[in-house]
1. List the longest stretch of the chain that has no exposed loop site; here a site is one of the GluC sites (Glu not before Pro) assigned by DSSP to anything other than H, G, I, E or B, with at most 10 other Cβ within 10 Å.
2. Sorted by mean Cβ packing within 10 Å, highest first, what order do the peptides 158-164, 144-150 take?
3. How high is the relative contact order of the range 9-109, in percent, counting Cα pairs under 8 Å that sit 6 or more residues apart?
4. Quick one: which of 165-175, 190-200, 40-50 comes out on top by average Cβ neighbours within 10 Å, and what's the full order, highest first?
5. Quickly rank 31-38, 123-130, 89-96 as a protection proxy: mean count of other C-beta atoms within 10 Å, highest first.
6. Using only Cα atoms, find the angle between the long axis of helix 109-122 and the longest principal axis of the chain, and express it within 0 to 90 degrees, rounded to the nearest 10.
7. Solvent-accessible area per residue for the range 120-186 at a 1.4 Å probe radius, Å²?
8. Report in % the part of the accessible area of the chain that belongs to carbon and sulfur, leaving out ligands and nucleic acids; probe 1.4 Å.
Amino acid sequence: MIRLDGVHKSFGDNAVLRGVDLEIGKGRSMVIIGGSGTGKSVTLKCVLGLVTPDAGTITVDGQDVNSGDRDAFLARFGMLFQGAALFDSLPVWQNVAFRLLRGALKKPTAEAREIAIDKLRRVGLTPDVADRFPAELSGGMQKRVGLARAIAAEPEIIFFDEPTTGLDPIMAGVINDLIREIVTEMGVTAMTITHDMSSVRAIADDVAMLHGGKIRWTGPVKDMEAADDPYLDQFIHGRAEGPIEAVR
């Protein structure tokens, strides 16, 4: 569904991506791991066409990400942002139904609200939450609202950007379980970027390790622990000593 071939991207003298090759199969949940500043977010932005690579190609379902109808292309995606990224001035239901109230996907207000409430239920929130504002919600509830918004338009592909950042371990587990259930139920292709190994083990079908601007290792999550790559081994076990130098 998603394919990157020889993708390079630099910002000035900073070469972030140095030949990324990666394939994500249709209906598979791929988690990209790596330390901070290794290019995970840049990779995601390149796939969305928000950042143009200096070299290489990226296709989604065979289509180059920088060609064709931009609105139709983006309509295939859902996104759960790192900080939930809710609109403070809009009630929860309008946040969830944001794409359904405008543009090519526009629906009547009553229908959009009904869909929003249904998606809120799917992530474990009661209908009374719909008319509250984001500031009235806990961090975990805000993350659930963000997840409801990500699935509201029935996307084919969902991106999860550090889905458990800022959450306590129990709520992080709840969000991980919800993501796994929803990805499986909807049959979507999922791409997650994270450094939280509990998320990796809960969400992933496949894992890719990004370091030094390249994919160091990729394979099924079940093969991750036994892999012989020293970079992967150090990262997944959180060891201070190894080929990855800690920034001091």
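The values are calculated or read from the model by the stated rules, or taken from the named source; none is laboratory data. Since this is a predicted model, take the numbers as computed values, not measurements. Cβ atoms come from the backbone with ideal geometry, glycine included; neighbour counts cover every protein chain shown. Accessible surface is based on the protein model in full, side chains and every heavy atom, while ligands, DNA and RNA are left aside. Shrake-Rupley method; radii C 1.70, N 1.55, O 1.52, S 1.80 Å.
1. Here the longest segment lacking exposed loop sites spans 1-240.
2. 144-150, 158-164
3. Relative CO of the range 9-109 lands at 15 percent.
4. On the way: 165-175: 15.6, 190-200: 21.3, 40-50: 19.5.
Ranking, from highest mean packing down: 190-200, 40-50, 165-175.
5. Details: 31-38: 19.9, 123-130: 16.6, 89-96: 21.5.
The peptides rank, most packed first, as 89-96, 31-38, 123-130.
6. 50
7. On a per-residue basis, 41 Å².
8. For the chain, the apolar C and S fraction of the accessible surface comes to 51 percent.
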